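The values are calculated or read from the model by the stated rules, or taken from the named source; none is laboratory data. This is a predicted model, so every value here is computed, not measured. Here the Cβ positions follow ideal geometry from the backbone for every residue, glycine too, while neighbour counts run over all protein chains shown.
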2 protein chains.
Amino acid sequence: MDSHVTRRIITTLRDERPHLTEAAASILAASNAQRLVAAGAALADPVRVQLLAVLAAAGEVCSCDLEAPLERSQPTISHHTRILCDAGLIVGEKRGRWMWWRLNEPGWRELQQTLARLSGPPLHIER
Amino acid sequence: MDSHVTRRIITTLRDERPHLTEAAASILAASNAQRLVAAGAALADPVRVQLLAVLAAAGEVCSCDLEAPLERSQPTISHHTRILCDAGLIVGEKRGRWMWWRLNEPGWRELQQTLARLSGPPLHIER
DNA sequence: ACTTCATATTGATGAATGTCAATGTAGTAG
DNA sequence: CTACTACATTGACATTCATCAATATGAAGT
């Protein structure tokens, strides 16, 4: 018998406790978890983190100007910008032949909210 | 020195533009970037994110009670807890033969500060 | 039209990663 | 000491990923 399992628990689950899965879902819905994983994967590479730092510093940078600071080939830069874009962390705008990238503030806000909810002071960030 | 770069283009780089690298470093130091990459890698797996959600919901859970909700073998659970622990997102305490895991609040705080700095606080977190 | 430049895509390759069975280690109880 | 339990580690395998060369797309200028 598994007896002692959890210590601090949400009131609704205190007695039941069969599936921590449900309690976890109440904190992090599946769709949010999925986006968080994508954001994590985007942040899981030093080149991409450096890329974000460059954008944070310069505000807006085109792809070709990323090759030098990141010391990667053009296809590799394109690969990384795509991953960051898909994760919602940056957005690109094509002007002429240049692709201008910048941080996507809404994406960052959502990420930080998800992390706040997870790391969670058991508070009500609640709508 | 201009230091505070804040987000919009820095005057010193507008014309010069040789090294975005330095401007990026002023926003995200190498050691912080490294920790961010580790945290990102830790969050880049759905099983680990689920594990974090379980801990967030239950407060403290031992390894053996993670196998069922995560639907993974014991070695795999051990593998994931190790990665999350190395990333500073969880901490474990051995009591008896059980390993009790919980979220590591300082680690989360640091991560959120790094993200806030990267995402371009319209503010002055300024040091 | 043609040329040039910036970017995206494809294909290939070596490296990293998630998974589990098998085994090792340590703590508890008998 | 022996047996059992919780967890960690090792080894092997399949998958994913980062990288670049080569090629394709597209946009602007001549």
Checklist entry - Among the residues of the range A:73-87, is any closer than 21 Å to residue B:110 by Cβ and acidic (Asp, Glu)? => result no
Checklist entry - Within the set of pairs 6 or more residues apart or between chains, which connect a residue that is on the phi > 0 side of the Ramachandran plot inside the range A:68-94 to a residue that is within 12 Å of DNA strand D (Cβ to nearest atom) with Cβ atoms less than 8 Å apart? => result A:88/A:38
Next on the checklist: If I filter the range A:94-101 for residues that are modelled with pLDDT of 95 or more and surrounded by 21 or more Cβ atoms within 10 Å (Cβ to Cβ), do I get at least one hit?
Outcome noted: yes
Checklist entry - Taking residue A:116, is it away from DNA strand C (no atom under 14 Å from the Cβ), of a type in the set (A, V, I, L, M), more than 9 Å from chain B (Cβ to nearest Cβ) and surrounded by fewer than 19 Cβ atoms within 10 Å (Cβ to Cβ)? => result no
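Could you go through the range B:54-66 and let me know if any residue there is assigned to a helix (DSSP H, G or I), without any contact (Cβ under 8 Å) to a residue 12 or more places away in the chain and within 15 Å of DNA strand D (Cβ to nearest atom).
yes
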Item to check | Qualifying residue in the range A:15-29 (condition: away from DNA strand C (no atom under 14 Å from the Cβ), in contact with a Ser or Thr (Cβ under 6 Å, 6 or more places away or on another chain), modelled with pLDDT of 90 or more and not in a loop (DSSP other than H, G, I, E, B)) | outcome: no
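Matching residues to (1) in contact with a helix residue (DSSP H, G or I) (Cβ under 8 Å, 6 or more places away or on another chain); (2) closer than 28 Å to residue A:30 by Cα; (3) of a type in the set (Lys, Arg):
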| site | (1), (2), (3) |
| --- | --- |
| B:20 | yes, no, no |
| B:25 | yes, no, no |
| B:35 | yes, yes, yes |
| B:42 | yes, yes, no |
| B:46 | yes, yes, no |
| B:53 | yes, yes, no |
| B:62 | no, yes, no |
Next on the checklist: Considering only the range A:31-38, I want to know if a residue exists there that is at the interface with chain B (Cβ under 8 Å from one of its Cβ atoms), more than 15 Å from DNA strand C (Cβ to nearest atom) and either part of a loop (DSSP other than H, G, I, E, B) or among the basic types (Lys, Arg) (or both).
Outcome noted: no
Item to check | Subset of the range A:61-83 that is away from DNA strand C (no atom under 11 Å from the Cβ) and crowded, with 16+ Cβ neighbours inside 10 Å - its residue that is nearest to the other protein chains (Cβ to nearest Cβ) | outcome: A:69
Item to check | Any hit, the range A:40-63, residues being touching a Cys at 6+ places or on another chain (Cβ under 8 Å) and modelled with pLDDT under 95 | outcome: no
